[in-house]
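Participant: The structure follows.
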Amino acid sequence: MTPSEQTDDGPGYWYDNSDSVVEILHALRRFRQSDQGMRRRMSADMGMNETDMQALQFVVISTSNGEHATPRALSKFLGISSASTTKLLDRLSASDFLERHPHPTDRRGLVITATQHAHDELHARMTGMHRALRELAEKVPPASRRAVVDFLLSVSSHLETEGGVKAEPGTAGPTSVEAVAALGSVD
């Protein structure tokens, strides 16, 4: 089957629609497409591109984890050059999303922090979404919740190693699980 033969109702690209497992995979694909669209819309609404949004997310998560977000770590996480990182930081600093500060232990280094404006913007956009997602999660039968969590964590772990060479432990930046934990908390 070729990609042009694929339809939402017909056979999938890599598998056919013959069982409930494939139904889960189709739902997962739709979720990922919806999530990517939401992130594009949020980035555009905040006047930044998707890489800028990923940078802001990295800084917020790193700080939430008690770590220093540095330009070097951000470059590595985004897979961009130090020159591109400097331009990105200039742009996000000028728009009052990020600030640069001297590193507390490395005189030559910098630490990047999110501004209150950035936190306010993220909170304003994400509070309602997180409330709605919580309501949807509450509809999952209690007996099924552990299986759903295990499945989603397994998918996340697998996807973080796909599409390239596996990163060394501790060098890839925050995982999707950490991102949800850091940005998902609105309590």
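The values are calculated or read from the model by the stated rules, or taken from the named source; none is laboratory data. In this text the structure is predicted, and so the values were computed from the model without any measurement. Here the Cβ is made from the backbone with ideal geometry for all residues, glycine too, and neighbour counts use every protein chain on show. Please note that ligands, DNA and RNA were not included when accessible areas were found on the heavy atoms of the full protein model with its side chains. Shrake-Rupley method; radii C 1.70, N 1.55, O 1.52, S 1.80 Å.
Participant: Keeping all protein chains in place, calculate the accessible area per residue for region 45-161 (probe 1.4 angstrom), answer in Å².
Facilitator: 63 Å²
Participant: Something else: At a 10 angstrom cut-off on C-beta neighbours, averaged per residue, how do the peptides 134-140, 36-42 rank from highest to lowest?
Facilitator: Highest to lowest by the protection proxy: 36-42, 134-140.
Participant: Further question: Scan around VAL111 for amide H atoms under 5 Å from its own, H built in the peptide plane at 1.01 Å from N, and keep only partners 5 or more places away or cross-chain.
Facilitator: HIS101, HIS103
Participant: What relative contact order, as a whole-number percentage, does region 45-161 give when Cα pairs under 8 Å and 6 or more residues apart are counted?
Facilitator: 20 percent
Participant: Also, quick follow-up: Working out 0.36 nm times the residue gap between THR105 and ARG145, then minus their Cα-Cα distance, what length gain in nm do you get to one decimal?
Facilitator: 10.1 nm
Participant: Using a ≥ b ≥ c from the Cα gyration tensor of region 55-171 (square roots of the eigenvalues), is it rounded, prolate or oblate, where a/c under 1.5 gives rounded and otherwise the larger of a/b and b/c decides, a/b for prolate?
Facilitator: Oblate shape, in that a/c is at least 1.5 and b/c is the bigger or equal ratio.
Participant: Assuming R0 = 25 Å, can you tell me the calculated FRET efficiency for the pair GLU162 and GLU23, based on Cβ-Cβ distance, to the nearest 0.05?
Facilitator: 0.70
Participant: Next question. Given a Förster distance of 25 angstrom, what is the FRET efficiency for PHE31 paired with HIS119, based on the Cβ-Cβ distance and rounded to 0.05?
Facilitator: Plugging the Cβ-Cβ distance into 1/(1 + (r/R0)^6) gives 0.40.
Participant: I've got another one for you. Taking all protein chains as present, what is the carbon and sulfur share of the accessible area of region 45-161, in % to the nearest whole number, probe 1.4 Å?
Facilitator: 54 percent
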